[in-house]
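Asks: Structure incoming, see below.
Every read-out reported here was derived from the displayed coordinates using simple, explicitly stated rules and does not represent laboratory data. In this text the structure is predicted, and so the values were computed from the model without any measurement. With ideal geometry, Cβ positions are generated from the backbone for all residues, glycine too; neighbour counts draw on all protein chains shown.
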Amino acid sequence: MNSPLCTGFESPFGVSRRSALARFGGGLGSIALANLFGESNASTYSPRYLTGTPKAKRVIFLFQAGGPSQMDLFDYKPKLNEEQGKELPASVRMGQRLTGMSGNQASLPLVGSPFQFAQHGQSGTWLCDQLPHHAKIVDDITVINSMYTEAINHGPGVTFMQSGSQIAGRPSIGSWLSYGLGSTNENLPSFVVLVTKDKKGQPLVSRLWGSGFLPGKHDGVRFRPDKDAVLYLNNPNGVDSKSRRMMLDRLEELHQIQLAKTGDTALETRIAQYEMGFRMQTSIPDVTDLSSESDSTFELYGEDARTPGTFAANCLLARRLAEQGVQFIQLYHQGWDHHGGVPGGIKRQTKDTDQASAALVLDLKQRGLLDDTLVIWGGEFGRTNYCQGKFNQASFGRDHHPRCFSIWMAGGGVKGGYTHGQTDEYGYNVVEGGVHVHDFHATLLHLMGIDHELLTYQYQGRHFRLTDVHGHVVKEILA
């Protein structure tokens, strides 16, 4: 890693330390600005963390907030049905930590899935019967049944999955990618966030898509399903586009005068952000207008796709953003926190998400975009194989479980028709091919052409990275 500049530096050529730093910073600022605007000369600068030709050019992360139940969706465990009602064996639990919601239960009765499982596709991938549309894409996806995390509660769990740390304040995945790769579309943000409207669940806060200690221009930009898709973007009453353009031109002139005096790179960033905001006034209404989509496309995603802000509409919008070169598109869908009412809760959630999730993969594939678009589906942790509270066949609950959970990935350089990792017959512990959250992040960055150990940012005296102090690329899932 590069050493910080010596604070005692004095140039032998009569240049002051302040001037040298200003010129040095201005040079880096020029590189960053060129990258932001896609100038051709930016390609001559190749950071050492880039590994070569990336497999994926963009990521769409369908984040299922709340912790989907892996053994009720992807990880088939008939043993749980065979031994339903029996106590979780101590030899399986091995004294592992439980949450306060079930840790004091006198009994931890095993409970099997109420749904039927079957194998699908040429790959024979196991799915529950509540995922009929997923059955159409199993040969295009890698299912990872061996994810695990240290986080056992939602706040730390979601934060860990999005930023590589359970402690708030670190940059999110999309911010790291924006910082490391820049933008490929000068008219749209490189990192866009979509949240399913009117869904109840654990709260989602803006720091989950924040840039942390990275420059603020790498924040995720949330699009809302209304006429003001981005807050404070449109001109206020009485201000037209011509007036706005004149104001920005005069402001840039003042910034350039100050920049010539100080070499302050923050001014370059501010100029770039003002210009981006002006261009977004035109580009965002175009990309968020779904009226040009065909009836067959709406049929593919489901009728909910016609209603702005639904999960289906957001999946369709994600495809449109991907077509326009947006680099990281994060969808948040709440409602998977089933401490009670698992059977009904799973049915409602899969009704909202099954068709649109599969449609996104199929739509990208038919448009020739899947090969270089990485699609991810999953939450922050899994659910317990035992019942939380008193067992009721019709309305039982499952507690949080960090020891193993399932996600899937498609396109962007991962195998299709592959299931990675294995849990024990009770679905409690990983026994083969474990994938830690840091491994997941390392693999994601690798697919985007980045060495996760070399993409760092110096803050408070040390170099930080998304994978922090460990993590490895899961080579087994790579195509």
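Asks: In percent, how large is the relative contact order of the chain, given Cα pairs closer than 8 Å and 6 or more residues apart?
Replies: Details: 941 pairs, mean separation 136.7, N = 479.
Over the chain, the number comes to 29 percent.
Asks: Please report, in cubic angstrom per residue, the volume enclosed by the convex hull of the alpha-carbon atoms of the range 54-111.
Replies: Enclosed volume per residue, from the Cα hull, is 165 Å³.
Asks: Which whole-number percent is the relative contact order of the range 50-144 (Cα, under 8 Å, 6+ apart)?
Replies: Values: 82 pairs, mean separation 26.7, N = 95.
That works out to 28 percent.
Asks: Using only Cα positions of the range 243-339, each an equal point scatterer, no hydration layer, compute I(q)/I(0) via Debye at q = 0.11, 0.25 Å⁻¹ and quote the log10 values to two decimals.
Replies: -0.55, -1.25
Asks: On the Cα set of the chain, report Rg and Dmax in Å, please.
Replies: 24.1, 82
Asks: Hey, fewest Cβ within 10 Å first, where do Arg93, Arg462 land in order? Write out the running numbers ahead of the final one.
Replies: Working: Arg93 19, Arg462 9.
Taking fewest neighbouring Cβ atoms as first place, the list is Arg462, Arg93.
Asks: Among all the lysines, which ones have a C-alpha under 30 Å from Lys365's C-alpha, if same-chain residues fewer than 8 places away are not counted?
Replies: Hits, sequence-local ones excluded: Lys55, Lys57, Lys136, Lys197, Lys199, Lys347, Lys351, Lys415, Lys475.
Asks: OK, next. Pairs of Cα atoms under 8 Å, at least six residues apart: use those to get the relative contact order of the range 353-402, whole percent.
Replies: Details: 35 pairs, mean separation 12.9, N = 50.
Worked out over the range 353-402, it gives 26 percent.
Asks: Right, here's the next one. Using square roots of five times the C-alpha gyration tensor eigenvalues, list the equivalent-ellipsoid semi-axes of the range 285-433 in whole Å, biggest first. Please report the intermediate quantities before stating the final value.
Replies: Details: eigenvalues 204, 81, 28 Å².
Largest first, the range 285-433 gives 32, 20, 12 Å.
Asks: If you rank His420, His463 by fewest surrounding Cβ atoms within 10 Å, what's the result? Let's see the in-between values first.
Replies: Values: His420 21, His463 12.
Taking fewest neighbouring Cβ atoms as first place, the list is His463, His420.
Asks: Still on this structure: So how strong a dipole does the chain carry about its Cα centre when Lys and Arg Cβ are +1 and Asp and Glu Cβ are -1, to the nearest 20 debye? Each step should come with its number before you reach the end.
Replies: Values: 45 positive and 47 negative charges, 199 e Å.
It comes to approximately 960 debye.
Asks: Under 4 °C and 1.567 mPa s, how fast does the range 348-479 diffuse according to Stokes-Einstein, given a Kirkwood radius computed over C-alpha pairs? Answer in µm²/s, whole number.
Replies: On the way: Rh = 17.3 Å.
Reported coefficient: 75 µm²/s.
Asks: Let me check I have the definition right: for the range 112-169, take the eigenvalues of the Cα gyration tensor, multiply each by 5, take square roots. What are those semi-axes in whole Å, largest first?
Replies: On the way: eigenvalues 191, 39, 18 Å².
Those come to 31, 14, 9 Å.
Asks: Based on the Kirkwood radius over alpha-carbon pairs, what is the Stokes-Einstein translational diffusion coefficient of the range 280-327 at 4 °C with 1.567 mPa s viscosity, in µm²/s?
Replies: Working: Rh = 11.0 Å.
Translational D for this selection: 118 µm²/s.
Asks: Hey, what does the equivalent ellipsoid look like for the range 195-305, semi-axes from the Cα gyration tensor as sqrt of 5 times each eigenvalue, largest first, whole Å?
Replies: Taking √(5λ) for each eigenvalue gives 34, 20, 12 Å, largest first.
Asks: Charges on Cβ only, +1 for Lys and Arg, -1 for Asp and Glu, centred on the Cα centroid of the chain; of Val430, Gly344, Ile450, which one is farthest towards the dipole's positive end?
Replies: Checked the options; the winner is Ile450.
Asks: Further question on the same structure: May I ask for the longest run of the chain untouched by chymotrypsin sites (Phe, Trp or Tyr not before Pro) that are loop-located per DSSP and have at most 15 neighbouring C-beta atoms (other than their own) within 10 Å? Each step should come with its number before you reach the end.
Replies: On the way: sites that count: Phe9, Phe13, Tyr45, Phe213, Tyr232.
No qualifying site falls inside 233-479, the longest such stretch.
Asks: Just to be sure I understand: if I project the alpha-carbon convex hull of the range 161-209 onto a plane and average over all orientations, what area do I get in nm²? The partial results should precede the final answer.
Replies: Numbers: hull surface 17.7 nm².
Answer in nm², one decimal: 4.4.
Asks: Now, a different point. Starting from the alpha-carbon convex hull of the range 131-288, give the projected area averaged over all orientations, in nm².
Replies: 13.5
Asks: Expressed as an acute angle from 0 to 90° and rounded to the nearest 10, what is the orientation of the C-alpha long axis of helix 437-447 relative to the principal long axis of the chain?
Replies: Between helix and principal axis, roughly 50 degrees.
Asks: Further question on the same structure: Let me know the whole percent of all Cα-Cα pairs from the range 388-457 that are separated by more than 19 Å. If you can, show how the numbers build up before the last one.
Replies: Working: 1286 of 2415 pairs.
That fraction is 53 percent.
Asks: Could I ask something else about it? In Å and whole numbers, how far do the C-alpha atoms of the range 78-120 stretch along each principal axis, longest first?
Replies: 38, 20, 17
Asks: When we measure straight from the Cα of Lys261, which lysines land under 24 angstrom away, once same-chain ones fewer than 8 places off are left out?
Replies: Qualifying lysines at Cα under 24 Å: Lys217.
Asks: I need the calculated FRET efficiency for the pair Val92 and Asn392, taking r as the beta carbon distance and R₀ as 25 Å, to the nearest 0.05.
Replies: On the way: r = 23 Å, r/R0 = 0.92.
Step by step, r from the Cβ atoms, then E = 0.65.
Asks: Continuing with the same structure: So for Met448, Met276, Met247, Met94, fewest C-beta neighbours within 10 Å to most, what's the order? Please list the in-between numbers first.
Replies: Working: Met448 27, Met276 19, Met247 13, Met94 10.
Placing the least packed residue first, the sequence is Met94, Met247, Met276, Met448.
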